[in-house]
1. With (1) more than 19 Å from ILE133 (Cα to Cα); (2) in contact with a His (Cβ under 8 Å, 6 or more places away or on another chain); (3) of a type in the set (A, V, I, L, M); (4) open to solvent by less than 70 Å² (accessible area, probe 1.4 Å) as the list, and ILE92 as the residue in question, which single condition is left unmet?
2. Take GLU85 and decide whether it is without any contact (Cβ under 8 Å) to a residue 40 or more places away in the chain and not in a loop (DSSP other than H, G, I, E, B).
3. Can you give me the number of residues within segment 40-58 that are surrounded by 15 or more Cβ atoms within 10 Å (Cβ to Cβ) and either touching a residue at least 24 places away in the same chain (Cβ under 8 Å) or of a type in the set (D, E, K, R) (or both)?
4. Has segment 95-108 got any residue that is of a type in the set (A, V, I, L, M, F, W, C), more than 16 Å from LEU32 (Cα to Cα), in a helix (DSSP H, G or I) and under 15 Å from the mean Cα position of the chain (by Cα)?
5. Report, by residue number, each residue of segment 116-132 that is more than 11 Å from the chain's Cα centre (by Cα) and either open to solvent by less than 80 Å² (accessible area, probe 1.4 Å) or at positive phi (or both).
6. Among the residues of segment 72-87 satisfying the criterion of being surrounded by 19 or more Cβ atoms within 10 Å (Cβ to Cβ) and over 8 Å from GLY40 (Cα atoms), which is farthest from the chain's Cα centre (by Cα)?
7. Could you please find all residues in segment 40-59 being outside any helix (DSSP H, G or I) and at pLDDT below 95?
8. Taking segment 101-115 on its own, how many of its residues are crowded, with 22+ Cβ neighbours inside 10 Å and not charged (D, E, K, R)?
Amino acid sequence: LHQEWKNSVHLASLCHVLASENAGVDPGEALLAGLICDIGKFPILHFAENFPRKYWNPEDLQAALETLHRRVGVYVLARWDFPRELTELPMIAEEWLHNSGPKLTLSDIVILAKLHSYIGTPKSYGLPTINSIPAFGKLEGGGLNPEHTLNVLHAAKEKTAHSMSLLQG
C-alpha cells in the first residue's frame, strides 16, 4: 500500500509539472487526476492485506491488480460522484494510443505522466516511443525532447519529495 501511495504521489507530481508547462489543463486538476487514476489498486490491496495470507501469494495479487484495478477505480470514482472526465481516467491512463481530440486534455496529461513514470523501470520495456502517442503532439512547443523529459522528471522528483514530507507529517 505504501509503495502504491508513493507511486500515486509521484504520478500526481508529474501531472502537475506537465500541466504547469502547457496551457489548457489546470495544474491542480492534473495533480488530482494523477492521484486518483490508480485508485482501484487501493481497495484490492486493502482486501489482500486483511485476507489470510495462506489463500494468496504475491504473483496472484499482482495478477489481480493488473486485471481489476481499472474497473475498480472507475467504480470507486463513480460511487464518489466524481465528474465523468475523472471517472474514466483509470480505464485510459495506460491507453497509449488514446486520442481525446485536437486539444490537450486531462487524460493526455495523465497518459504522458504515466509514460514518464515508467522511464528507467522494468515497466519501460515495450512502451511506445513518446513521440508516437497522440498526446505528445498536443504539447506546447512541439512536445518533449530528452533534455526536457529529464527536466520534467527532476521537477517531479522534487515535488514528490516535498509532497511526501507534507503527507508524513
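1. (1)
2. Details: without any contact (Cβ under 8 Å) to a residue 40 or more places away in the chain: yes; not in a loop (DSSP other than H, G, I, E, B): yes.
The answer is yes for GLU85.
3. The initial filter retains those residues of segment 40-58 that are surrounded by 15 or more Cβ atoms within 10 Å (Cβ to Cβ), namely 40-45, 48.
Okay, now just the ones that are also either touching a residue at least 24 places away in the same chain (Cβ under 8 Å) or of a type in the set (D, E, K, R) (or both), so 40-45.
Total satisfying the criteria: 6.
4. Our first condition is that a residue be of a type in the set (A, V, I, L, M, F, W, C); within segment 95-108, this holds for 96-97, 104, 106.
Then drop every residue that is not more than 16 Å from LEU32 (Cα to Cα), which leaves 96-97, 104.
From what's left, in a helix (DSSP H, G or I): none.
Checked against the condition, which is being of a type in the set (A, V, I, L, M, F, W, C), more than 16 Å from LEU32 (Cα to Cα), in a helix (DSSP H, G or I) and under 15 Å from the mean Cα position of the chain (by Cα), segment 95-108 yields no hits at all.
5. If we filter segment 116-132 for residues that are more than 11 Å from the chain's Cα centre (by Cα), which is where we start, we get 119-132.
Hits for segment 116-132 are GLY120, THR121, SER124, GLY126, LEU127, PRO128, ILE130, SER132.
6. Only one residue tops the list, namely LEU77.
7. Filtering segment 40-59 for residues outside any helix (DSSP H, G or I) gives 40, 50-52, 56-57.
Residues satisfying the conditions are ASN50, PHE51, PRO52, TRP56, ASN57.
8. Selection size over segment 101-115: 8.
The values are calculated or read from the model by the stated rules, or taken from the named source; none is laboratory data. Computed from a predicted model, the values in this text were never measured in an experiment. Virtual Cβ from ideal backbone geometry, glycine too; neighbours counted across all protein chains shown. Ligands, DNA and RNA are excluded from the accessible area calculation, which covers all protein heavy atoms including side chains. Shrake-Rupley method; radii C 1.70, N 1.55, O 1.52, S 1.80 Å.
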